[in-house]
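Remarks on the structure that follows.
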């Protein structure tokens, strides 16, 4: 077990969580993607890239289940750096195929990338507000989404979606007042960083 590598990943995760908690307490976490959080996500993505360039993907055999969860979290939040997030996806996918990373992690990262590309999701894990003010998502195969989720260790879609809705409401996230303007901002951001 590479304890030094685990410690490096933990430091990066703490930066992410600290800024998230700060923005949540200031009422700045939801709505627009705060620049301060974007900066941390960019810095962490580049730090993770240095780690994987030197050590390969932090797999279960290298850093244990908790260490690979830390690496996945950093990859999941690397949305400002599409090329790096896709690189992390490839490395995590290889680790998953070798049984050295949880299948759930690659499922979550798959949906994150598809969401940012403006595509329907496979597992239905990244939620956003629709024009009706519902916190939901579009899935590619709604008839089989629960089977796909079960195969990677996720609960049924409706159960998960309700949990996420409750969490969002508890944290004070409300539907945007002007959905059209909100979606336009999302699209503009996605284009600005290179997703679309």
It is to be established whether one or more residues within the range 75-93 are within 24 Å of residue 1 (Cβ to Cβ), more than 14 Å from the chain's Cα centre (by Cα) and either buried (at least 18 other Cβ atoms within 10 Å of the Cβ) or at pLDDT 95 or above (or both). yes
Going through the range 103-114 in order, the residues found to be closer than 16 Å to residue 161 by Cα and touching a strand residue (DSSP E or B) at 6+ places or on another chain (Cβ under 6 Å) are 111
When you go through 174, 188 one by one, which is the residue that is surrounded by fewer than 17 Cβ atoms within 10 Å (Cβ to Cβ), in a helix (DSSP H, G or I), more than 16 Å from the chain's Cα centre (by Cα) and not assigned by TED's automatic domain parsing to the domain that holds residue 79? 188
Given (1) crowded, with 18+ Cβ neighbours inside 10 Å; (2) on the phi > 0 side of the Ramachandran plot; (3) touching a residue at least 40 places away in the same chain (Cβ under 8 Å), residue 153 misses just (1)
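On the given criteria, is residue 167 in a helix (DSSP H, G or I) and in contact (Cβ under 8 Å) with a residue 24 or more places away in the chain? Steps first, answer last, please.
Details: in a helix (DSSP H, G or I): yes; in contact (Cβ under 8 Å) with a residue 24 or more places away in the chain: no.
For residue 167, the condition - in a helix (DSSP H, G or I) and in contact (Cβ under 8 Å) with a residue 24 or more places away in the chain - is not met.
The values are calculated or read from the model by the stated rules, or taken from the named source; none is laboratory data. Predicted model, so just to flag it, every value in this text is computed and none were measured. Here Cβ is always computed from backbone atoms with ideal geometry, including for glycine, and neighbour counts include all displayed protein chains.
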